[in-house]
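The values are calculated or read from the model by the stated rules, or taken from the named source; none is laboratory data. The model shown is predicted, which means the values in this text are computed figures rather than measured ones. Reconstructed Cβ throughout: ideal geometry from the backbone, glycine too, with neighbour counts over all protein chains shown. For accessibility, only protein heavy atoms count, side chains too; no ligands or nucleic acids. Shrake-Rupley method; radii C 1.70, N 1.55, O 1.52, S 1.80 Å.
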Amino acid sequence: VNGNYPLGQERLITMTLTPFGGLTLTQQKALAICPKVGALLSMGGTVYIFLKIFASNRLNRPNRPEVVYNRLLLGLTIGDFAYALVAFLSTWPVPKDTIYRDYIWGEAGNQTTCDIQGFFSLWASLMAIVYMSSLSLYFLLIIRYKWALERLQKIEPYMHGLAWIFASTASVICVSKDLTNPFIVGCGVQSYPLKCNSSKGVPCIRGENAVIYQWILVITPTVVGLIFVSACMIMMYATVRTRQSAAARFRRDGDTSETVDEQISEDFRRAWQFTGVYIFLSMPPLIAIFTFAISGKESFIIAMLRAIIAPMQGFFNAIVFSRDVEGELIRSIWDASYRTRARTPAAQRRETSQLSSSNLARNQSISQKNTSASENKNIGNSFVNVSE
């Protein structure tokens, strides 16, 4: 793997191209061990989701609105488990005889194990991006656009197909072009040595065009996924605000409006938790990638945050899932959307007219009561004056 570099040139390459500029033994151990902790928590969370989904037979309920949600969540969980497993292996699959051997603690692999780790690292990341985008689209379609179950089931196969085909194809391409290579924190899509394609006198042993593929298959999908998920959340928020205003304007009585407002807010709050977790966990890796791509340097603190936070999506997803393990949230969102969807425009106009008539009649009744009370008071005052 070291390409038979002369010892002096190897040390020069390591010193000039390693983004950390040197690591102490304690720092090396921290970068190697910390991902294992988060990965164990994530694997435990994914196993919990697997057991709950399969134990309650939640995938074979053709007429239940949560069945599409459960299958999309299962796909996301498969990707989370794969990424957690790769993160748990950490530096173990890294070949022993790399030019980074003085910067890595715990490497015990070869190029084959490195290729396997790099393959599943990219595969799991792309699976998470596509399935998280699909879940965001699912919530948007039922909350904002009130799609029927039949329409959702028609597009569901395309969501699964895009995730599996895109992730698998991209990962196979990277392995076949020798783009999965070792680094200090594990194996991934990068050149070997780092920045060899942009540094004079440093020939690339593997992954000569790795930077191009990083932008196409890693950075661009991640950024596009974050933008898409964020756009879905903004549109859902706008819908929730509109419904809250409508509920307050056309309520039958004060208590009903307050209850409707609380229910809508709760539905939205719990719907965005999955996407919120994804956005939060995507930031440290994305910051690290952009920092290294622009400056060629990476902070040890950013690397530690990436090592700790990135593998934990399965753990946080399990926390969100545990709050709706019976699917009550999905059914409540679906029921609310269905009730609104089932009313025709004419029916909605009649309902609005009835509410307005009801409010007018109530106001007239209140006005009459106030007038009667005022007249009684005046009569009482007149009687007191006469008595005096």
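In the range 144-192, which residues are of a type in the set (Asp, Glu) and over 30 Å from MET233 (Cα atoms)?
The first filter runs over the range 144-192 and keeps only residues of a type in the set (Asp, Glu), leaving 150, 156, 178.
Of everything in the range 144-192, just one residue is of a type in the set (Asp, Glu) and over 30 Å from MET233 (Cα atoms), namely ASP178.
Can you tell me which residue within the range 193-210, out of those that are modelled with pLDDT under 85 and not in a loop (DSSP other than H, G, I, E, B), is nearest to THR24 (Cα to Cα)?
Applying the filter and picking the extreme gives CYS196.
Report yes if some residue within the range 111-128 is farther than 30 Å from THR239 by Cα, touching a Leu at 6+ places or on another chain (Cβ under 6 Å) and surrounded by fewer than 22 Cβ atoms within 10 Å (Cβ to Cβ); otherwise report no.
No.
Somewhere in the range 84-101, is a residue more than 19 Å from the chain's Cα centre (by Cα), in a helix (DSSP H, G or I) and surrounded by fewer than 20 Cβ atoms within 10 Å (Cβ to Cβ)?
The answer is yes, given that some residue of the range 84-101 is more than 19 Å from the chain's Cα centre (by Cα), in a helix (DSSP H, G or I) and surrounded by fewer than 20 Cβ atoms within 10 Å (Cβ to Cβ).
Would you check which residues across the range 165-188 are touching a residue at least 60 places away in the same chain (Cβ under 8 Å) and either under 22 Å from the mean Cα position of the chain (by Cα) or more than 30 Å from ARG101 (Cβ to Cβ) (or both) and list them?
Taking the range 165-188 and keeping what is touching a residue at least 60 places away in the same chain (Cβ under 8 Å), we get 167, 175, 179-188.
Once the filter is applied, which keeps residues that are touching a residue at least 60 places away in the same chain (Cβ under 8 Å) and either under 22 Å from the mean Cα position of the chain (by Cα) or more than 30 Å from ARG101 (Cβ to Cβ) (or both), the range 165-188 yields ALA167, GLY188.
Of all the residues that make up the range 48-73, how many are open to solvent by 10 Å² or more (accessible area, probe 1.4 Å), modelled with pLDDT of 75 or more and over 15 Å from LEU152 (Cβ atoms)?
The first filter runs over the range 48-73 and keeps only residues open to solvent by 10 Å² or more (accessible area, probe 1.4 Å), leaving 48, 50-52, 54-57, 59-65, 71.
Add one more test, that the residue is modelled with pLDDT of 75 or more, and what stays is 48, 50-52, 54-55, 71.
Now restrict to residues that are over 15 Å from LEU152 (Cβ atoms): 48, 50-52, 54-55.
Total satisfying the criteria: 6.
Would you pick out the residues in the range 124-166 that are assigned to a helix (DSSP H, G or I) and of a type in the set (Lys, Arg)? Step through it out loud before you land on a result.
Initial filter on the range 124-166 (assigned to a helix (DSSP H, G or I)): 124-143, 149-166.
Selection gives ARG151, LYS154.
Within the range 178-226, how many residues are hydrophobic (A, V, I, L, M, F, W, C), closer than 28 Å to VAL130 by Cα and open to solvent by 50 Å² or more (accessible area, probe 1.4 Å)?
Here the count works out to 6.
Counting only residues that are surrounded by 15 or more Cβ atoms within 10 Å (Cβ to Cβ), aromatic (Phe, Trp, Tyr) and modelled with pLDDT under 95, how many does the range 133-177 have?
3
Sort out which residues of the range 114-148 are aromatic (Phe, Trp, Tyr), in contact with a helix residue (DSSP H, G or I) (Cβ under 8 Å, 6 or more places away or on another chain) and farther than 19 Å from TYR83 by Cα, and write them in order of number. Write out each step before concluding.
Pass one, the range 114-148, residues aromatic (Phe, Trp, Tyr): 119-120, 123, 131, 138-139, 145, 147.
Narrowing the set further to residues that are in contact with a helix residue (DSSP H, G or I) (Cβ under 8 Å, 6 or more places away or on another chain) leaves 119-120, 123, 131, 138-139, 147.
Of everything in the range 114-148, those that are aromatic (Phe, Trp, Tyr), in contact with a helix residue (DSSP H, G or I) (Cβ under 8 Å, 6 or more places away or on another chain) and farther than 19 Å from TYR83 by Cα turn out to be TYR138, PHE139, TRP147.
Tell me, yes or no, whether the range 133-156 has at least one residue that is among the aliphatic types (A, V, I, L, M) and under 30 Å from ASP178 (Cβ atoms). Please lay out each step first, then the result.
Filtering the range 133-156 down to residues among the aliphatic types (A, V, I, L, M) leaves 135, 137, 140-143, 148-149, 152, 155.
Of the ones still in play, those that are also under 30 Å from ASP178 (Cβ atoms) are none.
No: the range 133-156 contains no residue that is among the aliphatic types (A, V, I, L, M) and under 30 Å from ASP178 (Cβ atoms).
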